[in-house]
Structure formats: C-alpha cells, structure tokens
Amino acid sequence: MVNLIWIFMLISGILFSFFNGTVDEVNKGLLQSAGQSVELVIGFVAVFTLWLGMMEIAKRAGLLQLVTKLGYPFIRRLFPDLPKNHPAAGYIMTNLSANFFGLGNAATPFGVKAMKELQSMNKNAELASRSMVTFLCMNTAAVTFFPATIVSMRLSEGAADPLDIVIPAFIATVLSCSAAILYDRISWKIVSGGSRD
Amino acid sequence: MIDIVFLAKLILPLFILVILFSALITRTDAYSAFVSGGKEGLQMAAELLPFLVGMMAAISVLRSSGLLLWITNLLSPLFLTFHIPAELFPLFLTRPISGTAALSITADLTHTYGTEHIISRMAAVIQGSTDTTLYILTVYFGAVGIKKMGRALAVGLLADLTGMILAVVITLWYFQNVWS
C-alpha cells in the first residue's frame, strides 16, 4: 500500500505541476527535500550516538531491566505477543516516556532500538508484526505531557500565557492515544479473523 | 507558570543523572558502555537516509506543485458542514504528512488571528497533541527494513483524524468553560 501511495504522490504532483506552471518549484523542491533528508540524518547521527551510548550504560547498570520489570503489567496488556522480560519492552517503555516528556529526538533512537528487538522475533522480515503496529500506533498518537515546540512558538508570538494550551493538549493527546490503541485492536481482530489473543 | 518551562528543561539532565548514579552504585564502567553503545548510532542513522529521501521527495513534490493547496481549497467547504473552522483544514491535511509544514501553518494562523483567538488555540492544541504519522512510520519501519506497513498507516491516519477533531472539541470546551 505504501508503494502505491508513494508512487501516487509523486506522479500526481509532477503531472499537476505541468498544468499549474510549477515545474520549476518541483525541480527545486526535489533537490531541496533530498538535502533536508541528509541534514536530518546528520542530526540523527549526533542524537542517536549520544542516546544509544546513554542507553547502553542504563542497560549494563541494570536500569533498563528494572524499567522492563516495572512496566511489565502495562506492556503485557498492550503487547500480548511479547514474551516476558523481552528487551523490546524496556525500549518501548523508554521511548514512550521520552515522548511523554516531550523529548522527541531522544525518543527516536529508543524507538528504533525497540523496532530492532521486535524485528528479531518477527516471522516475516518484510511485513510489520502485530506488536510493531501497536507500538507505532501508540507513537504516532503518543501521550505528550508538555508540547515544548508549540509553547515556545506561542511565546515568541507574544502570547500572554503561552502555557494555556498545555492542559487541553494533554487531554486531547490522552484521548487520541486511547483511540489509536482501540483502532489497532479492532483492526487486528478484523485482520486475524476474530480469533482471541 | 513559567516554572513548568524550567522543569521541562530539567528532565533531560535529570535523566542522565539517574543513569550515571545507577552506574556508580552498580560499579558499571559507564564510559566504555557509552562508547560501545554509541558506535551503533552512525550506522543506524545512515540506514534511514534512503527512506527519508524517498518520503520527503514525495511530500515536497505534493507541496511545491501546488497540488496540496489545490486539494485543500477544493475540500475546505466540507469542513463548515461539520462546524469546524475552515481555516483549520490545511492543518488537518498537513499535520500527518509534514511536521514542519504543519508548524508553519500553525505559526501563520497564530500570527494572523492573534494568540488569544480560538482558532490559534485550536491549531496549537492540534499541533501539540498529534504527531507526524507518515514521518514516524517512515523512520521506524525504515530502520528495520519493513516494506509492508500492514494496518499501521490506516490506523495511524484514522487516529490522527479522531485526535484532531477531539482537539477542536476539547479546546472549545476548555476555553469556554474552564479557562477564565
């Protein structure tokens, strides 16, 4: 499906630019976006190295195992496919906590680590497993306690109280994350033919 | 109230402190652990490049060709039938696709209507309570080489739509009844 969406986005955009007279913009945009991706990856190299290093300390000191154990009752309900004390659980916990505190760029390396652990027990290496879909649904609708970017944007726009949106945003994020988990469950039931987990 | 901003800044260093103190207590060689863990960073990030270039190129073509704007203008009357301000439609359409584009729309709305206007607040709550689904799927699935995302994209986008509608409703309720 992603393949078709991707092809469709490019073809429809390019064809539209012929009629809209925006061929120049598209040419420029293509190169610019590739450049931006490289910049993004360079940023990732720095953040990934720093946080994966910190995470390795946490792992060797036993902190990650502690987090895995503490989060087990929570993880077990959300990821029924995951074996007890699987290392993925610890990374999932740290990723969701980093998201919760608004540390978006620290959350990414933990999430990638979690995906690698989930991939190691995936039966079909090309197809997303059940736990992966659940994890990513929770990530795209991650519960955020403090939306730092938007608060600083409102501050620079001169808001009298830039923090006024924190509480409604938190309520919205809790509800949308619950919706994501619910949709994930329902769609899994449909795909798996209604068999109980 | 600014204290929250300050506390948010403390989370990162506190996190590192907890890790380092636990290393001290358990007599873990923290430095060599850091160095060997960090080695993975370069490769992990580099592996993401083709996925990112592919997805960002497609998004950029959609935006720079003007197609995204055209679809937005075409569909925005739909919004009024659901009693959602039409000004928010570009944000609804862009938020799951491109984080930077969505932020610039929110900044633009805030600038146009002022920070205390309900539309600016709705946009801020939408921005603060959702994430860029397409980008997250690209990065995380790309990192492990998954090419078939299964239900993830459909579920993610549906959750985004639900979340954004909820954000509008909650903002309206909050600023009319709770906030004074």
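The values are calculated or read from the model by the stated rules, or taken from the named source; none is laboratory data. These numbers were taken from a predicted model, which means no experiment stands behind them. For neighbour counting, all protein chains shown are included, and Cβ atoms are generated from backbone atoms with ideal geometry for every residue, glycine included.
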For B:LEU7, the lone unmet condition from (1) surrounded by fewer than 19 Cβ atoms within 10 Å (Cβ to Cβ); (2) in a helix (DSSP H, G or I); (3) modelled with pLDDT of 90 or more is (3)
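Return the total of residues in the range A:4-44 being free of Cβ contacts under 8 Å to residues at least 12 places away in the same chain, in a helix (DSSP H, G or I) and over 14 Å from B:LEU52 (Cα atoms).
Narrowing the range A:4-44 to residues free of Cβ contacts under 8 Å to residues at least 12 places away in the same chain: A:4-12, A:15-25, A:27-42.
When the remaining residues are screened for being in a helix (DSSP H, G or I), the result is A:4-12, A:15-20, A:23-25, A:27-42.
Now drop any that are not over 14 Å from B:LEU52 (Cα atoms), which leaves A:4-5, A:7-12, A:15-20, A:23-25, A:27-29.
The qualifying residues number 20.
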B:LEU52 fails exactly one of (1) of a type outside the set (D, E, K, R); (2) within 30 Å of A:GLU39 (Cα to Cα); (3) without any contact (Cβ under 8 Å) to a residue 24 or more places away in the chain; (4) at the interface with chain A (Cβ under 9 Å from one of its Cβ atoms), namely (3)
Condition first: closer than 22 Å to B:GLY156 by Cβ, polar (S, T, N, Q) and outside any helix (DSSP H, G or I). Can you find one or more residues in the range A:146-165 that meet it?
no
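Give the residues of the range A:164-191 that are hydroxyl-bearing (Ser, Thr, Tyr) and either within 7 Å of another protein chain (Cβ to nearest Cβ) or touching a His at 6+ places or on another chain (Cβ under 7 Å) (or both), sorted by residue number.
First, pick out the residues of the range A:164-191 that are hydroxyl-bearing (Ser, Thr, Tyr): A:173, A:176, A:178, A:183, A:187.
Within the range A:164-191, A:THR173, A:SER176, A:TYR183, A:SER187 qualify.
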When the range A:154-163 is checked residue by residue, the ones that are at the interface with another protein chain (Cβ under 7 Å from one of its Cβ atoms) and surrounded by 21 or more Cβ atoms within 10 Å (Cβ to Cβ) are A:ARG154
The one condition B:LEU75 fails out of (1) over 18 Å from the mean Cα position of the chain (by Cα); (2) facing chain A (nearest Cβ under 9 Å) is (2)
Margin query: Residues that are among the β-branched types (Val, Ile, Thr), surrounded by 13 or more Cβ atoms within 10 Å (Cβ to Cβ) and within 8 Å of chain B (Cβ to nearest Cβ): does the range A:56-73 have at least one?
Written below: yes
Of (1) more than 24 Å from B:ALA152 (Cβ to Cβ); (2) under 20 Å from the mean Cα position of the chain (by Cα), B:ALA102 fails just (1)
Contact list, first residue from the range A:174-185 and in contact (Cβ under 8 Å) with a residue 60 or more places away in the chain, second anywhere and in a helix (DSSP H, G or I), beta-carbon distance below 8 Å, six or more apart or interchain, is A:ILE181/A:LEU78; A:ILE181/A:THR134; A:ILE181/A:CYS137; A:ILE181/A:MET138
